[in-house]
1. Going by how many other beta carbons lie within 10 Å of each one, how would you line up A:VAL45, B:VAL436, fewest first?
2. What is the Cα centroid distance between the range A:1-16 and the range B:223-238, reported in whole angstrom?
3. Looking at the P(r) of the range B:221-345, how many percent of alpha-carbon pairs lie beyond 19 Å?
4. Measuring from centroid to centroid over Cα atoms, what is the spacing of the range B:632-648 and the range B:439-509 in Å?
5. Identify all lysines with a Cα-Cα distance to B:LYS423 below 17 Å; exclude those on the same chain that are fewer than 8 residues away in sequence.
6. In terms of the Cα gyration tensor, with a ≥ b ≥ c the square roots of its eigenvalues, is the range B:485-573 rounded because a/c is under 1.5, prolate because a/b exceeds b/c, or oblate?
7. Just the projected area, averaged over all directions, of the convex hull on the alpha carbon atoms of the range B:401-469: how many nm²?
8. Exceeding 29 Å between C-alpha atoms, which entries from my cross-link table qualify? They are B:LYS164/B:LYS379; B:LYS212/B:LYS429; B:LYS365/B:LYS548; B:LYS510/B:LYS573; A:LYS41/B:LYS41; A:LYS4/B:LYS254.
Amino acid sequence: MTKKIKINIEGMHCASCAGNIERSLKKVQGVKEVTVSVIGKKAFVEADEKVSDEELKKAVARTGYKVISID
Amino acid sequence: MENEENKNHNMKGMNHNMRNMNHKEHNHSEPVEDREIRDWKKKLIGSWIFAIPIAILMILMRFFEINIVNEQISIIILLVLGFPVVFIFGFSTLKSGLTGLFRFYFNMDSLISLGTIIAYLTGILTFFMEISDYSGVAAMIMAIFITGKYIEAKARGRATQEIKKLLELGAKNARVLRGKNEIEIPISEVAVGDIIIVKPGEKIPTDGIVFKGESSVDESMVTGESLPTDKTKGSNVIGATINQDGILYVKVTKIGKDTFLAHIIELVEEAQGTKVPIQKLADKITSFFVPAIIILSILTFAGWWYFNGEVGRSLGVAISVLVIACPCALGLAVPIALTVGSGIGAKRGILIRKGEAIQTMKEIKIIVFDKTGTITKGKPEVKDIFSKVKESYMMELAGSLEKLSEHPLSKAIVDKASLKRYKEVKGFKVLRGRGVEGKIGNKKIIIGNSLLMKENGIFLKSFSERIEEYEDKGCTTVIVSENAKVLGIIGIADAVKEDSAKAVNYLNSKGYRTVMITGDNERTAKAIAKEVGIKEVIANVLPEDKAKRVIELQKTSMVAFIGDGINDAPALKQANVGIAMGTGTDIAIEAGDLVLVRGNLRGVVAAINLSKATFSKIKQNLFWAFAYNVVAIPLAVAGVLHPIIAEIAMAASSITVVTNANLLRRKRI
């Protein structure tokens with residue numbers, strides 16, 4: 001089973017940021033699909049049920065941005 | 001202090017919002033953006049307080065060669081004035097840039113950070129070695145960068161204004177009937193099943209069904225339909241629409257995230273992150289752009305040092321290279337145009353679900369329309385009955401059998417028969433795409449199209465002529481038989497939507513090959529096609545075969561399929577662009593690449609035009625972004641551009657891209 005997750009991200013203000021976040025999130029095991037919207041400052045992630053919010057948060061933090069909320 | 005409070009409030013709001021999208025003050029994307037603009041503004045003012053004296057000092061020194069104090073002291077002044085600009089107001093930029101640098105997640109800020117820090121250090125180095133001082137330049141670069149970001153943030157705010165408006169549409173409070181009392185409660189406390197009272201001029205707080213009352217409702221904000229819709233008992237109403245003239249008692253069916261409005265918002269937000277194929281190259285370049293520029297800048301420095309010998313001059317050129325490169329313009333070019341385009345669409349009831357569709361639309365040559373519910377209203381009515389037996393007898397049989405089927409044609413027959421009591425039917429079977437059969441008493445009843453009759457060896461005989469006559473009028477003919485003998489025929493017509501003909505004519509005039517696909521027989525289908533101006537008809541197609549027919553057409557060129565999204569999902573998926581028609585309150589969101597909230601063909605024309613306009617904006621933007629970098633970077637390497645000019649050019653390029661996208665709004669669609 002996969003789930004859809006919406007991550008609101010703060011501080012993402014350029015396109016290379018979006019690219020970085022996308023790459024970092026894709027590295028998380030169990031993540032299937034990632035689209036990052038620079039303009040909406042959100043990442044849409046499709047991942048296995050077992051992927052935890054914490055893992056995703058870490059992946060975003062690794063690139064230097066802050067997660068505001070996960071939905 | 002006040003700010004801090006505000007922040008807390010916003011954060012709380014955001015969490016709340018996850019559960020409830022309709023609440024205005026609990027609105028996540030708006031405060032974040034506004035706060036960002038406010039932050040940039042503060043930095044902007046702060047940095048220029050220091051940067052302006054720096055600029056004056058630099059101009060005096062450089063152009064007029066006036067030194068108020070000796071050179072060393074003026075460098076100290078520049079360093080002192082420059083410090084807050086680079087390290088305080090530029091703190092967040094440096095932090096993000098350096099974190100990126102050390103973790104190998106390079107970003108735009110990395111370039112600015114390197115450029116400003118190196119430039120600032122030259123000022124300090126002047127005390128130890130022979131080198132030109134760029135500390136003033138460092139401050140100017142940062143101040144201009146911040147200014148650029150501020151302008152860009154504002155322009156981006158404009159780009160997302162339609163979506164923000166959607167977010168703000170939701171009602172805050174609802175008047176709920178509790179026992180005999182009307183009480184006003186926050187929308188978040190409304191539950192499914194509650195009865196809400198909506199007075200004239202008020203916003204309908206959430207989705208529901210009219211329980212009592214009559215009124216007309218302005219749904220334009222959600223569906224793009226400018227004419228008000230009449231609502232009576234049993235009608236669906238959409239949250240955030242405006243009740244106009246009567247009092248409505250509405251039974252709540254959906255709240256929070258399940259509402260129609262929340263769905264639309266989610267759809268639009270999600271679509272913004274989708275990719276347009278044309279951006280692939282730009283994305284690829286953005287991903288290695290920053291490290292490539294850093295390397296290029298080092299090479300530039302080395303080259304200049306080797307050939308020119310002056311460390312200071314070489315550093316200046318290298319800094320120009322760092323700050324002139326603009327991955328932002330490249331990376332923003334497509335998403336910003338897509339955002340403006342989808343925002344404009346959302347306002348008019350056109351939802352772009354996949355960015356890809358915008359690009360594909362340009363290649364479309366064939367437009368295939370489903371008949372029922374797309375070209376026609378999808379509400380068939382019995383127009384004519386011809387029978388050899390007593391009409392009431394035949395309709396009693398037909399009504400009893402058709403009552404058990406869900407098909408729209410069945411419903412038309414049941415409505416016409418309007419029986420008080422239905423006969424008992426045994427062995428009822430739906431024969432997909434052909435009709436129904438069953439036994440009433442010991443008589444076998446078969447009702448359906450001529451194909452079904454043929455299969456059962458039932459001869460139409462004298463009815464044939466009458467059937468053709470019905471079909472030429474655009475009626476679908478249903479044949480009623482009893483024990484293998486035809487009793488009579490029922491002509492059912494589904495009226496064409498008002499603007500179908502106009503839209504089809506427009507598409508024909510634009511050179512599209514228009515095709516209608518339907519399960520109806522050829523004659524009926526042709527009659528309808530002629531009425532609206534469609535030249536080609538593919539008739540007698542079983543619902544499950546529609547996708548196959550699309551594949552056949554795709555052999556000649558790209559195909560767009562327009563259907564209702566519920567029965568036509570496979571065909572919508574198969575087509576290069578699938579346009580799903582909604583009915584106003586119910587839309588099959590998952591099915592199409594583009595979704596029309598209100599299903600009329602005028603929307604198809606608008607959707608096609610919007611896609612084309614958006615795509616041409618995307619191309620323009622990409623061209624600008626590429627051209628800018630292709631021209632500017634070599635100029636910087638050549639040492640023609642002073643770092644400050646380079647930074648101004650960089651800021652201007654990303655602002656241009658965003659502003660150009662906003663110009664899409666001027667286009668008439």
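1. Starting with the residue having the fewest Cβ neighbours, the order is B:VAL436, A:VAL45.
2. If we compute the Cα centre of each part, the gap is 36 Å.
3. 69 percent
4. Cα centroid to Cα centroid, the span is 75 Å.
5. B:LYS390, B:LYS403, B:LYS411, B:LYS439, B:LYS443, B:LYS444
6. Taking the square roots of the gyration eigenvalues as a ≥ b ≥ c, the range B:485-573 is oblate.
7. For the Cα atoms of the range B:401-469, the hull's average projected area reads 5.4 nm².
8. Flagged as over cut-off: B:LYS164/B:LYS379; B:LYS212/B:LYS429.
Taken together, the values in this text are just the output of simple stated rules run on the coordinates, not laboratory data. In this text, all values refer to a predicted model and were calculated from it rather than measured experimentally. Cβ atoms come from the backbone with ideal geometry, glycine included; neighbour counts cover every protein chain shown.
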